[in-house]
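The values are calculated or read from the model by the stated rules, or taken from the named source; none is laboratory data. Treat the numbers as computed from the prediction; the structure is a model and nothing was measured. Neighbour counts run over all protein chains shown; Cβ positions are idealised from the backbone, glycine included. Heavy atoms of the whole protein, side chains included, go into the accessibility calculation; ligands, DNA and RNA do not. Shrake-Rupley method; radii C 1.70, N 1.55, O 1.52, S 1.80 Å.
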Amino acid sequence: MPAQVDHAALFAATPSPYLVLGPDLVIVDVNRAYLEATARTRDDLVGQHVFQAFPDNPDDPEADGTRNLGASLHRVLSTREQDTMALQKYDIPVVRRPGEFEERWWSPVNTPVLGPDGQVAWIIHRVEDVTAFVKAYQAGDPTRIRVGRRLEAAQTLEAELYVRARELQRLNEELRQANTRERAVAVTLQEAMLYAPDLAHHPHDVAVRYLPAIGSLNVCGDWYDVVDIPPDRLALAVGDVIGHGLEAAAVMGMLRSALSAAIRALERPAQALEVLGLYARSIEGALGTTAVKAIVDRRSQLITYSCAGHPPPVLAHPDGRTELLDLATDPPLGARPMHVPRPQASIPYAPGDTLVLYTDGLIERRKEDIDVGIDRLRGALVECGSLGAERLADTLLNSLGVAGGGQDDIALVVARL
């Protein structure tokens, strides 16, 4: 048997300086290399908020270390992905001379450690002290430049790379701020168009959810729709537009409205999707959209559905069985060069069954087959299928690890029949 690895000993001995932060940015652990680099003790740091332990230099009016590091750490918390910072000037207090700061330059990398719930449990802050390198070039160290032309050229290139890294950091920050503003506008527009129908008066217990992607530009484009068709039918739909941002939100609004109108005028979900497909050909950015439409007929106790390239709805029974509505699948809107009638299928249901429609953000995970995600959803329905629609919707999101959002948008419709 291979020997067990003492990870605590490895962490303590690693030569690169490491700091471990909680989600509240309080220091929870530190290795020896970090203590040596900052001339601190464990008692000085553990239990302190990182910006209380290392505030900005009050004598430097251009100090931006806490701002830049704070932005990076919050990106890690929101995206759950590693964030590499450009070279950063971040002076540190001199321990033996209170009120004095020492000029220091660092190359930081912030890496999330995820807990069982998929959220960030810790952040590993790794730094390399590059102060000597920076100061040598700031001073134009002649002892290094006199060595020869080859070394001089290399030093010039390194200095240029350093300057460009600082400029790139500034431009990236401006780009992030612009993207954040656009994302906020797009999400606001998306949510405004996804007005929640008055579900309190539906004969069935229905819940809807929309969660924008976390820390991603791939937001907007997912939609849901719930339409009461008197006297005894309920139409449900979800869809997913290719693209992101304001453009995807606008396309989503047009397609959602068109499908909602088509299902009111036509009796068959397949016909409604055919009309939507023809309409999508006239809208830039609409081709490739996926959607699924289902009509619940309370009189015949049948669910009739048609799917355009979308993950199949799931019908869950009180006895723990689940069925995929996958017998009427077809390519996404506009995928075929010529118009072809879309397939349609029906499945009976019984009072107490639960129908779930969703977009792929609910089930898809990186480097994982989509069938694994569908099976995970079916398993979650077996465990909590007896809940009412509102509680079931929230429980599903939590069970699948996306209660706070995922890597992609999520639209979800839960109907207790």
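Data table
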read-out: Whole-number accessible area per residue in Å² for region 335-417, which is evaluated in the context of all protein chains at 1.4 Å; value: 45
read-out: Residue-by-residue Karplus 3J(HN,Hα) for region 123-134, coefficients 6.51, -1.76, 1.60, Hz, glycine and proline x; value: 10, 8, 9, 9, 10, 10, 7, 10, 4, 4, 4, 5
read-out: Protection proxy ranking of 334-342, 33-41, 288-296 - average other beta-carbon atoms within 10 Å, highest first; value: 288-296, 33-41, 334-342
read-out: Dimensionless Rg over Rh [region 312-398; C-alpha; Kirkwood]; value: 1.02
read-out: Region 207-362, relative contact order in percent, only Cα pairs under 8 angstrom and at least six apart counted; value: 22
read-out: Residues whose placed amide H lies under 5 Å from that of I229, excluding near-sequence neighbours; value: L234, A235
read-out: Segment E368-E390, extension gain: residue separation times 0.36 nm, minus the distance between their alpha carbons; value: 5.1 nm
read-out: Cut-off under 5 Å, modelled amide H: who pairs with V130 long-range; value: W105, W106, S107
read-out: ³J(HN,Hα) computed for each position of region 102-118 - Karplus, 6.51 cos²θ - 1.76 cosθ + 1.60, integer Hz, glycine/proline x; value: 10, 5, 9, 10, 9, 10, x, 9, 10, 10, x, 10, 8, x, x, 7, x
read-out: Ranked by how many other beta carbons lie within 10 Å on average, peptides 108-114, 301-307 from highest; value: 301-307, 108-114
read-out: Karplus-derived HN-Hα couplings along region 224-238 (A = 6.51, B = -1.76, C = 1.60, θ = phi - 60°), whole Hz, x at Gly and Pro; value: 10, 8, 10, 10, 8, 10, x, x, 8, 10, 10, 9, 10, 8, 9
read-out: Computed label-point distance, nm, for sites R96 and L35 using a 7 Å Cα→Cβ extension; value: 1.8
read-out: Region 357-405: trypsin sites (Lys or Arg not before Pro) falling in loop per DSSP and having at most 11 other Cβ within 10 Å; value: R366, K367
